[in-house]
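Visitor: First the structure, which I've put down as structure tokens, then a few questions once you've had a look.
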Amino acid sequence: MCGIIGIASNKSVTSNIINSLKKLEYRGYDSAGIATIVNGNIDEKKCTGRVDNLEKILFKNPSKGLLGIGHVRWATHGIPSQVNAHPHSSEEVSVVHNGIIENSNELKKKLEQSGYKFKSQTDTEVITFLLTDFLKEFDLVEAINKTLKTLNGSFALGILFKKYDNIVVGARRGSPLAVGYGPQENYLGSDSYALKSMTNKITYLEDGEVCIISNNKVDFYNSKNIKINKKILTLSNDKYTAEKGDYKDFMSKEINEQNITAKNCVKEYVDQLRKDINLYNFPIQPKDIQKIILIGCGTAYHSCITAKYWFEELTNIPIEIDIASEFRYRKIKLSKKNLYIFVSQSGETADTFAALDLCKKNKVKTCSVVNAVESSIARSSDFVLPIHAGPEIGVASTKAFIGQMLVLYILAIKISQIRKEISETEYEKKIIDLKKLPDLIKKTLNYCQNNIPTIAKDFLKAKGSMFLGRGLSFPIALEGALKLKELSYLHAEGYPAGEMKHGPLALIEEGLPVVILAPKDRYFEKTISNMQEVIARGGKVILITNETKKIISENIRFTLEMPESNENLTPFLMTIPLQLLAYHVALLKNCDIDKPRNLAKSVTVE
Ligand code: M6R
């Protein structure tokens, strides 16, 4: 993970680096650092913790260089500490790095034998010393090229040189890197969001490329060291702001705007007049698809599980789902008759990108469902279905989950219609229902605001908790447990309710909070029986349902009554109380809601 920034300007770069690092904190926040060139020497300042700490250091001891690099870290090699924080500098060069150098141990040994003394436990310091060493013999471009060829693994780099004191160098392999163009200054950043306040003119580096940035020009080189020209994109101004507004944190903003997320997404794909779904030149003939494989990580993977149920109900296409970190290493035969769909909010998740890359190499059909449309995954797939959720800043994914599920549901309906697997009347009915979703989400949000804070208190003292559901509610149970774990650091398990008797029932004891998702669907009676088994063993049940008339148990601790809806829309509504539950438990525990410990928003390392 980690975020990097570089600026070459004709004025002091420190405050812009700090502002950009604050935007990049969603990528890592265990330490931060900056290096500039002051009076011909590398001036490095680093700290543990947040960018705010670095800002305080710079306030006391300013660094007024005209070019600089900055970094926010998510530790991979070596604990979060000042010495392991980036940049890593020698007398000659200073490096910030996002990624993992897989042959760092072996390189370190060789460099130590040549007399280099390592200060940190990071893999990055080998890059610093390799560059320093090659610069003794070769010119700038050749030294960079030789260094990059020596490295195995993934990287996005920002580099400063004492000798070349008017340039910042960027290089990428596997980790994202964007170049930005401003007046009398140019930039390097892990993403366009970090550069947003300075420019909307962006070029994305591809794997193997290097850029040399000064305040008045940017040169690009390909992996063969040949100078190349690259397109400058003008990014549109987001209709969403990435500011908290009146909300306490990004997560509460993002949860509360999910009705708008749904509205915008439906508006983008549903032709209101013709009651039709528009997939805008979807290049794959749904009739020709033999199998669909849905791939993602974490929350995005949960949206794939939900989609499996929809696709299976609405189409005759066999569906497989896979976790990207597993898919990328499985020995499977990829087929040109299949469609491989990659789901990712950030579009930069390393495992998902590697899985996509495997498909690209095998020349099979790929499609991505992403939020960040300029991301590596979006740019590399044959076709992109954006979720139109606007920037999601909270590390815990909320509105993007709603958007991912919605796009996948819309795709399932459309494919079903094209393949004539549902009638035109059913198709229209599904579109009419889709249009009701934003209001149903709003209603659910309003209803839950009052109830959830009280329910959250039960989770504080408990040993753990369980989330149970069947069918479409099973992935939502997984998502509810994941949200609670990542935000409040409490143990939680998500399970298909029918699996309880095969082992997990042993965990139920007096007072254990158990969330039961039981919408009015074909599984309802079965789920309620599973709930009774939990109650009989002392579990404290929180029932979430839209079928209250049929519930006849006095021993339910809380019942949340969801609005009536079409069965296929219940996952969207069931998700909301679970997000709010995780949020309120974390709030009661005083956890950092937007930046949970040990995590980062964009998981760009394996
Ligand atoms: O950006 P992506 O959607 O590819 O991210 C995938 C997961 O890392 C992500 O969903 C993660 O599980 C979230 N922190 C969950 O809230």
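Visitor: Give me the residue from the stretch 474-493 that is open to solvent by 10 Å² or more (accessible area, probe 1.4 Å) and touching a Pro at 6+ places or on another chain (Cβ under 8 Å) and, out of that set, nearest to the ligand (Cβ to nearest atom).
Guide: GLU486
Visitor: Something else now. Does VAL384 fit the bill of being of a type in the set (Val, Ile, Thr), surrounded by fewer than 23 Cβ atoms within 10 Å (Cβ to Cβ) and in contact with a Lys or Arg (Cβ under 9 Å, 6 or more places away or on another chain)? Even if it seems obvious, please write down each step before you answer.
Guide: Numbers: of a type in the set (Val, Ile, Thr): yes; surrounded by fewer than 23 Cβ atoms within 10 Å (Cβ to Cβ): yes; in contact with a Lys or Arg (Cβ under 9 Å, 6 or more places away or on another chain): no.
Criteria not met by VAL384.
Visitor: If you check LEU107, LEU111, LEU21, LEU66, which single one turns out to be within 29 Å of LYS244 (Cα to Cα) and among the hydrophobic types (A, V, I, L, M, F, W, C)?
Guide: LEU21
Visitor: Within the group SER416, SER368, SER346, which residue is more than 9 Å from the ligand (Cβ to nearest atom) and under 26 Å from PHE155 (Cα atoms)?
Guide: Just a single option satisfies the conditions, and that option is SER368.
Visitor: I need the full set of residues from the stretch 11-47 which are surrounded by 18 or more Cβ atoms within 10 Å (Cβ to Cβ), in contact with a Ser or Thr (Cβ under 9 Å, 6 or more places away or on another chain) and part of a strand (DSSP E or B), in order please.
Guide: SER31, ALA32, ILE34, ALA35, THR36, ILE37, ILE42, ASP43, GLU44, LYS45, LYS46, CYS47
Visitor: Sticking with this structure for a sec: List the residue pairs whose Cβ atoms are under 7 Å apart, where the first residue sits in the stretch 396-411 and is assigned by TED's automatic domain parsing to the domain that holds ILE576 and open to solvent by 10 Å² or more (accessible area, probe 1.4 Å), the second is assigned to a helix (DSSP H, G or I) and near the ligand (Cβ under 10 Å from one of its atoms), and the two are 6 or more positions apart or on different chains.
Guide: SER397/THR299
Visitor: What are the residues in the stretch 465-513 that are part of a strand (DSSP E or B) and acidic (Asp, Glu), if any?
Guide: Restricting attention to the stretch 465-513, the residues satisfying the condition of being part of a strand (DSSP E or B) are 465-469, 492-496, 513.
Scanning the stretch 465-513 gives a single hit, GLU493.
Visitor: Being touching an Asp or Glu at 6+ places or on another chain (Cβ under 6 Å) and outside any helix (DSSP H, G or I) is the filter here, so list the residues in the stretch 393-433 that pass it.
Guide: GLY394, ALA396, THR398
The values are calculated or read from the model by the stated rules, or taken from the named source; none is laboratory data. Computed from a predicted model, the values in this text were never measured in an experiment. Neighbour counts are summed over all protein chains in view; Cβ atoms, including those assigned to glycine, are modelled from backbone coordinates with ideal geometry. Quick note on the areas: whole protein, heavy atoms, side chains included, nothing else; ligands and nucleic acids left out. Shrake-Rupley method; radii C 1.70, N 1.55, O 1.52, S 1.80 Å.
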